[in-house]
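Asker: Dumping the structure here so I can ask a few things about it.
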Amino acid sequence: MTKDTAAFTSDVRDVDDTPVVPHQYRVYFFLLVSCFALWGLLNNMTDNLVPSFAKIFMIKAVDSSLVQVAFYGAYAVLALPAAYIIKRYSYRMGVLVGLGFYMIGAFGYIPAAILQSYNLFLVSIFILAGGLSVLETTCNPFVLSLGDESTSVRRLNFAQAFNPLGSMAGLFLAKYVILAHLNPATLDDRLAMSTEALTAVRDTELFWVCVPYVGLILIAFIIWCFFYRSGLSDRDAGDTMSVGEAIRRLVARPRYAFGVVSQFFYVGVQIAVWTWTIKYVMTNMNLIEAEAANYYIYSIFLFIGCRWICTWLMKYIVPAKMMAVFALGGILCCLGTIYLPIEISIYCLVGISGCMSLMFPTIYGIALRGLGPEVKFGAAGLIMAILGGAIITPMMGALVDSGTLTGLVSGFSPEIAAIRSAFYLPVLCFAVVLAYSLAFRNVKD
């Protein structure tokens with residue numbers, strides 16, 4: 001613990017009577033918490049669009065993974081502009097812009113469904129995710145600003161607790177609204193259908209894809225109107241450092257630069273593994289989408305539980321060292337997913353999520369530790385690293401389609417060997433995180 005951190009902790013103990021969220025900010029805080037839940041919900045619900053669109057539009061795995069390219073590519077593109085918006089204007093403006101992009105993107109699902117256009121869905125997903133990128137870059141520091149500095153950590157932890165609740169809501173919406181309404185017809189069945197029959201099937205399926213995304217527009221609009229009409233003043237949100245100067249300082253810090261690279265590979269492995277979990281279960285266990293989604297839900301429950309446990313353990317164990325152990329565990333779980341019999345490999349697949357649980361916030365904290373006025377753009381850079389989800393996921397999809405690495409996996413059918421061997425890519429991603437953990441293993445906060 002640094003001297004500054006120790007002093008800060010002491011301040012928290014000395015002002016226990018200071019409210020975590022002052023009365024005048026409670027409504028704003030509640031609405032910002034809704035944004036935390038919103039992007040958690042949409043992140044996890046979007047993972048399920050990959051197998052859904054593969055079936056609806058009868059496309060290959062690598063093509064359906066363009067959903068993640070659009071979604072996480074938008075995060076990379078909009079994070080830096082978001083930092084500029086809150087620097088130049090205010091956090092309030094960042095919330096308005098973020099929610100505005102979300103609503104425009106969600107409305108785009110309607111013509112995409114009517115026209116049965118996969119490309120239009122991708123455009124709408126990009127716009128929607130761009131809004132989430134702006135929100136995620138804005139809301140964390142906004143929450144910190146709503147009250148006394150001595151209670152800011154507790155305030156942000158409380159707000160972040162609602163993010164996994166949103167994630168769970170997204171999983172259940174995907175399972176019971178989107179996946180449950182997919183027609184059970186196989187690819188061969190669909191190819192044998194008449195144009196009219198196939199169009200009718202797609203109309204129904206795409207309608208249910210739209211329902212949760214469009215339905216959330218009302219909530220987003222209420223929050224948008226409130227912030228638009230509010231008199232909340234946060235014009236002092238920015239600093240005077242130029243973008244170029246901030247970037248030069250950041251690149252010169254090895255711990256930050258390597259942190260961005262590690263975050264790229266971490267987010268890549270998280271999104272890729274969760275995206276192809278349902279495909280893995282369906283292929284290896286011969287289950288339909290809605291049944292296979294149960295294992296995805298188990299993975300998220302384990303992810304959330306391990307994150308809570310790891311947060312508590314960090315009082316006693318250096319976070320970077322703990323992350324090194326979990327990265328090694330992730331490598332071993334991936335190898336088990338590749339080689340072990342299905343009765344055991346399915347547990348290894350779920351176990352990967354437990355190993356990932358502490359990585360995003362730990363890399364985030366290590367990379368930003370000790371930054372000065374450039375911290376705002378540093379945070380934006382780490383959000384831009386979410387681009388890893390847009391790169392690693394389709395790479396894994398290409399391995400699934402091509403079966404390039406199936407020669408390394410024996411004793412399984414070609415289709416099963418293809419999805420199993422694709423997990424060599426997550427092994428590489430975990431290796432990068434392991435290297436970062438070991439390089440900065442003595443960084444405590």
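Asker: When the label point is put 7 Å from the Cα of Tyr298 along its Cα-to-beta-carbon vector, which residues of region 341-372 have a backbone N closer than 11 Å?
Answerer: 343-351
Asker: Another one. Taking only protein heavy atoms into account and a 1.4 Å probe, give the accessible area per residue of the chain in Å².
Answerer: With all protein chains present, the chain gives 42 Å² per residue.
Asker: For region 196-334, state the semi-axes of the equivalent ellipsoid (square roots of 5 times the eigenvalues of the alpha-carbon gyration tensor), sorted largest first and rounded to whole angstrom.
Answerer: 36, 30, 17
Asker: For the Cα atoms of the chain, what angle does the longest principal axis make with the long axis of helix 375-384, in degrees from 0 to 90, nearest 10?
Answerer: Relative to the chain, helix 375-384 is tipped by roughly 0 degrees.
Asker: Follow-up. Keeping every protein chain in place, order His23, His181 by accessible area at 1.4 Å, biggest value first, i.e. largest first.
Answerer: My answer, sorted largest first, is His23, His181.
Asker: Order the peptides 332-341, 70-79 from the highest to the lowest mean number of other Cβ atoms within 10 Å of their residues.
Answerer: 70-79, 332-341
Asker: Related question: Would you work out what percent of the accessible area of region 321-445, with all protein chains in place, is carbon or sulfur (probe 1.4 Å)?
Answerer: 73 percent
Asker: Would you check the chain for Lys pairs whose C-alpha atoms are within less than 17 Å, ignoring same-chain pairs closer than 8 in sequence, and give me the count?
Answerer: Within the chain, the lysine pair count is 9.
Asker: Show me the three semi-axes of the equivalent ellipsoid for region 28-131, from the C-alpha gyration tensor (sqrt of 5 times each eigenvalue), largest first, rounded to whole Å.
Answerer: Output for region 28-131: semi-axes of 27, 13, 13 Å.
Asker: Relative to the longest principal axis of the chain, what angle (0 to 90°, nearest 10) does the C-alpha long axis of helix 3-14 take?
Answerer: 80 degrees
Asker: Please give the solvent-accessible surface of Ser145 in Å², to the nearest 10, using a probe radius of 1.4 Å with every protein chain present.
Answerer: 50 Å²
Asker: Under a crude label model (7 Å from the Cα following the beta-carbon direction), how far is Ser402 from Cys225 in nanometres?
Answerer: 5.2 nm
Asker: Now, a different point. Please determine, in degrees from 0 to 90 and to the nearest 10, the orientation of helix 388-402 with respect to the longest principal axis defined by the Cα atoms of the chain, where the helix direction is its Cα long axis.
Answerer: 10 degrees
Asker: Note down the accessible area of Thr186, probe 1.4 Å, to the nearest 10 Å².
Answerer: Looks like 70 Å² after rounding.
Asker: Can you give me the orientation-averaged projected area of the convex hull built on the Cα atoms of region 362-443, in nm²?
Answerer: It is 6.7 nm².
Asker: How long are the semi-axes of the equivalent ellipsoid of the chain, taking √(5λ) for every eigenvalue λ of the Cα gyration tensor, in whole Å from largest down?
Answerer: 36, 27, 18
Asker: Using a 1.4 angstrom probe on the protein heavy atoms only, line up Arg441, Arg307, Arg88, Arg190 by accessible area, largest first.
Answerer: The most accessible residue leads, giving Arg88, Arg441, Arg307, Arg190.
Asker: If R0 is 41 Å, what FRET efficiency do you get for Ile416 and Val214 from their C-beta distance, rounded to 0.05?
Answerer: 0.65
Asker: What residue among Arg202, Arg26, Arg420 shows peak mean-square fluctuation when the chain is described by a Gaussian network model with Cα springs under 10 Å?
Answerer: Arg26
Asker: So what is the 222 nm mean residue ellipticity for the chain from helices alone, if each DSSP H run of at least 4 adds -39500 (n - 2.57) and you divide by all residues, rounding to the nearest 500 deg cm²/dmol?
Answerer: Helix contribution divided over all residues of the chain: -25000 deg cm²/dmol.
Asker: For the pair Met285/Arg253, report the inter-label distance in nm, with labels modelled 7 Å from Cα in the Cβ direction.
Answerer: 4.3 nm
Asker: Return the distance in nm (one decimal) between the two label points of a simple spin-label model at Leu165 and Tyr347, each offset 7 Å from Cα along Cα→Cβ.
Answerer: Label at Leu165, label at Tyr347, 3.3 nm between them.
Asker: State the volume of the convex hull built on the alpha-carbon positions of region 314-403, expressed per residue in Å³ and rounded to an integer.
Answerer: So the per-residue Cα hull volume is 104 Å³.
The values are calculated or read from the model by the stated rules, or taken from the named source; none is laboratory data. Everything numeric here is computed off the predicted structure, so don't read it as measured data. Ideal geometry is used to build each Cβ from the backbone, glycine not excepted, and the neighbour counts take in all protein chains shown. Calculation scope for accessible area: heavy atoms of the full protein, side chains included, ligands and nucleic acids excluded. Shrake-Rupley method; radii C 1.70, N 1.55, O 1.52, S 1.80 Å.
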